[in-house]
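Written out below as structure tokens is the structure these notes cover.
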Amino acid sequence: MGDPLKREAARIHPLRSVTTPSTVVLKGRWRYARQKMLNGIESAQDEWEQLDKQLRERLAPEEYAAFAVDATPSSPKTATKPEWPKRLWSAALNDHVWIVRNEFDARQVPDGAAYYTEQDIRLLKGSTPDHLRAVH
């Protein structure tokens, strides 16, 4: 350990491994490039490969393996996005209602079904069940 900062950190925290800021930044870029690649952005492949090579050179093999397993998402972010509109059961109304974000979502609600926007829900918050049934 030729770096005086690493020596001082090892003296203060002997059991804690010291990671240089550049390695921390590199790991963050690696995660970001990996996520872009999993989301189908083809240009991220080269960037990820370069970052992966740099990390393999810096980290011990077992440290790299543990990092890569923990940092790799199992699926693209787009796969975890919720489907809209949402159909919910309302016990107070004894009926299904649809929650929509915008007019595009409202067009996907079946004809004759009740739907509410986030603003509607905010306005109805705290209402009595009788008031809710009257509005519904």
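No value in this document is a laboratory result; all are computed from the given coordinates. Computed from a predicted structure; not experimentally measured.
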Handout entry: aspartates and glutamates with Cα under 18 Å of LYS27, excluding same-chain neighbours fewer than 8 positions away
Key = ASP46, GLU47, GLU49, ASP52, GLU57, GLU62, GLU63, ASP70
Completion exercise
In order over region 107-113: 3J(HN,Hα) from phi, Karplus 6.51/-1.76/1.60, θ = phi - 60°, whole Hz, x for each Gly or Pro, gives 5, 8, 6, x, 4, x, 7
Problem - Under the Karplus curve 6.51 cos²θ - 1.76 cosθ + 1.60, θ = phi - 60°, whole-Hz ³J(HN,Hα) for region 33-41, x wherever Gly or Pro sits - result: 5, 5, 5, 4, 5, 5, 7, x, 8
